[in-house]
Amino acid sequence: MSDDDVKSADSSGNKIQKMQTPNGIHDILPKDHEFFTFIKKVARHRFRQAGFRRITTPVIEHTEVFQRGVGEDTDIVSKEMYTFEDRSGRSLTLKPEGTAGAVRAYIQHGMKEWPQPVELYYIEPHFRYDRPQKGRYRMFWQIGAEIIGESDPALDVQCIFIAYKMFKDLGIDKRISLQINNIGSQKSREKYREALLNYYSGKERSLCDDCRRRLSSNPLRLLDCKVEDCQILARLAPQFADYRTPEDQAFHDLVKSFLDELGIVYTENPQLVRGLDYYTQTVFEFWDSEVGSQNAVGGGGRYDGLVELMGGSETPAVGFALGIERLINQMKAANVNVPSKDEVHVFVAQLGDEAKKKCLRIIDNLREAGIRTVGALGKGSMKAQLRLADKFQVPYCLILGATEVRDGVILVRDMAKGQQHPVPMTEIVPEMIRLLGEDKLDRYSPGEIFN
Ligand code: AMP
């Protein structure tokens with residue numbers, strides 16, 4: 001422990017360790033929340049526009065949901081889950097991804113009786129015990145969507161299109177490259193699996209440890225391993241395109257023609273398989289066009305077998321997820337300035353009990369008129385309060401002392417010019433609206449429909 005880790009001592013003189021977030025887990029501070037809020041707004045708007053409804057599944061689920069839904073052999077389940085026992089010995093897991101929980105909810109709540117397909121979206125934190133590095137955290141946020149209950153290539157393209165609309169709204173569409181592949185149905189993959197096993201037979205020693213393990217459990221995963229030697233072998237491996245059934249190929253061709261119709265540029269990537277067991281047919285990822293597969297911004301695909309695998313009836317589905325932290329990194333790299341509603345318009349400084357009493361009503365009147373107002377309602381001197389107003393970088397400060405209370409006025413100080421003038425208390429709201437401008441007011445007030 002370094003000196004830096006030790007903050008203070010308790011009453012018995014024992015050193016107290018400085019409290020910190022766990023490794024790979026971060027606070028979201030107000031500055032980043034400006035990005036978060038904007039991204040969530042964009043997502044909610046695009047999903048609502050397309051008829052999706054929001055779902056929140058719990059942060060913890062029974063471990064089987066992910067073992068079954070994501071697959072025992074995947075990296076997520078075999079190495080990355082936060083799993084623990086509750087007090088009655090039941091194994092629970094912090095959700096590492098969103099689809100398995102959404103499918104569990106679809107089955108549990110009988111959503112197959114709803115009009116199909118059911119279109120759901122979520123904005124949620126997820127947890128994976130992965131090695132932390134830039135863009136890879138142990139708690140991260142995803143925007144995800146699932147279309148459950150119908151199989152049509154147009155729905156796969158719908159997912160991709162909504163994601164693209166969001167990239168455009170966020171000012172990062174030029175930075176993103178869409179990679180697509182079709183990995184067929186579970187059944188058509190059997191022959192291909194055999195071909196892969198044949199190809200890799202005798203080459204085991206050139207593979208990384210993970211790939212050697214995956215060879216027997218999920219050989220498709222060898223194709224998207226990031227280790228260089230494995231990549232070289234993967235490039236020469238048999239390609240699934242040669243094993244696609246005519247139905248798979250027709251599905252894939254339709255996906256591509258719909259993307260063309262919408263003017264969405266894509267790269268066909270025969271190595272793309274995605275890390276999870278449940279995918280069938282279409283898989284896609286959104287890459288940083290310069291960096292490639294490292295730190296993908298999002299991904300998704302069709303998972304026609306998952307609902308059945310999790311105990312429901314045979315139900316096709318498709319979905320995608322975007323990582324919010326990675327979207328923010330993209331926006332920062334693109335120098336996107338997010339509109340922020342956090343700037344304060346007016347700071348109210350007061351001195352004396354009478355002034356404070358008057359301030360309470362004035363502050364409320366200003367806020368109700370759409371003026372973002374902070375009141376220094378503590379005991380600081382006038383000088384200290386004005387210094388604080390400076391730190392808030394407000395354009396105007398209102399000053400109210402005993403003299404002003406007696407005269408029924410407020411001093412309005414223009415902070416940039418350093419000039420002030422008295423305004424009758426009864427006139428303060430219209431005067432501030434005039435000074436700030438109607439267009440600057442914050443009149444969003446969702447609760448007022450009930451008043
Ligand atoms: P996946 O389900 O692994 O394809 O993840 C979908 C998206 O979530 C990725 O493309 C990333 O944007 C994001 N994501 C996944 N894992 C992490 C992580 N450990 N840290 C930050 N973002 C992540």
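Couple of notes before you dig in:
- In this calculation the C-beta distance from ALA241 to ILE433 is compared with R0 = 60 Å, giving a FRET efficiency of 0.40.
- Distance between the pseudo-spin-label points of GLN420 and TYR444 (7 Å out from Cα toward the beta carbon): 3.3 nm.
- Per-residue Karplus couplings for segment 306-314, computed as 6.51 cos²θ - 1.76 cosθ + 1.60 with θ equal to phi - 60°, are listed in order as 5, 4, 5, 4, 9, x, x, 8, 4 Hz, Gly and Pro entered as x.
- Three semi-axes describe the equivalent ellipsoid of segment 408-451; taken as square roots of 5 times the Cα gyration tensor eigenvalues and ordered largest first, they are 26, 14, 8 Å.
- Neighbourhood net charge (12 Å Cβ-Cβ; Lys/Arg +1, Asp/Glu -1) for LEU436: -3
- Percent of alpha-carbon pairs separated by more than 22 Å within segment 15-145: 48
- Simple point charges give the picture: +1 on the Cβ of Lys and Arg, -1 on the Cβ of Asp and Glu, and for segment 34-181 a dipole about the Cα centre of about 720 debye.
- Cβ-derived FRET efficiency at R0 35 Å, HIS26 paired with GLU190, nearest 0.05: 0.25
- Ranked from largest, the principal axis spans of the Cα set of segment 164-270 equal 48, 32, 20 Å.
- Selection from VAL70, VAL42, LEU94, by position along the positive dipole direction of segment 20-121 (Cβ): VAL42
- As a rough footprinting exposure proxy, the listed residues ASP439, ASP156, ASP353 were ranked by other beta carbons within 10 Å of their own, and the order from fewest upward is ASP439, ASP353, ASP156.
- Taken about its Cα centre, the chain carries a charge dipole of roughly 1220 debye when the Cβ of each Lys and Arg holds +1 and the Cβ of each Asp and Glu holds -1.
- The phi-based Karplus calculation (6.51 cos²θ - 1.76 cosθ + 1.60; θ = phi - 60°) puts the 3J(HN,Hα) values of segment 411-420 at 8, 9, 9, 7, 5, 6, 7, x, 10, 9 Hz, whole numbers, x for Gly and Pro.
- When the Cα atoms of the chain are aligned to their principal axes, the ranges along those axes come out at 92, 63, 45 Å in descending order.
- Dipole-positive endmost among PRO446, TYR396, HIS345 within the chain (Cβ charges, Cα centre): TYR396
- Counting 0.36 nm for each residue step from ARG54 to GLU228 and taking away their Cα separation leaves a gain of 58.6 nm.
- For segment 153-220, the residue among ASN218, ILE180, TYR164 whose Cα projects farthest onto the positive side of the dipole built from Cβ charges is ASN218.
- Going from the residue with the fewest nearby Cβ atoms within 10 Å to the one with the most, VAL283, VAL423 rank VAL423, VAL283.
- Unit charges on C-beta of K, R, D, E only; dipole of segment 47-114, Debye: 460
- Estimated FRET transfer efficiency when R0 is 56 angstrom, pair TYR266-PHE392 (beta carbons, to 0.05): 0.75
- Dimensionless Rg ratio for segment 92-251, taking C-alpha atoms and the 2.2 N^0.38 Å reference: 1.24
- Computed from backbone phi, the HN-Hα couplings of segment 114-124 come to 6, x, 9, x, 7, 10, 10, 9, 8, 10, 9 Hz, rounded to whole numbers (Karplus: 6.51 cos²θ - 1.76 cosθ + 1.60, θ = phi - 60°; Gly and Pro given as x).
- Amide H to amide H, with H built 1.01 Å from N, THR282 comes under 5 Å of ILE183, ARG302, counting only residues 5 or more places away or on other chains.
Just so you know, all these numbers are worked out from the coordinates, no wet-lab data involved. Quick caveat, the model's predicted, so the values are computed rather than measured. No Cβ is skipped: glycine too gets one built from the backbone with ideal geometry, and neighbour counts run over all protein chains shown.
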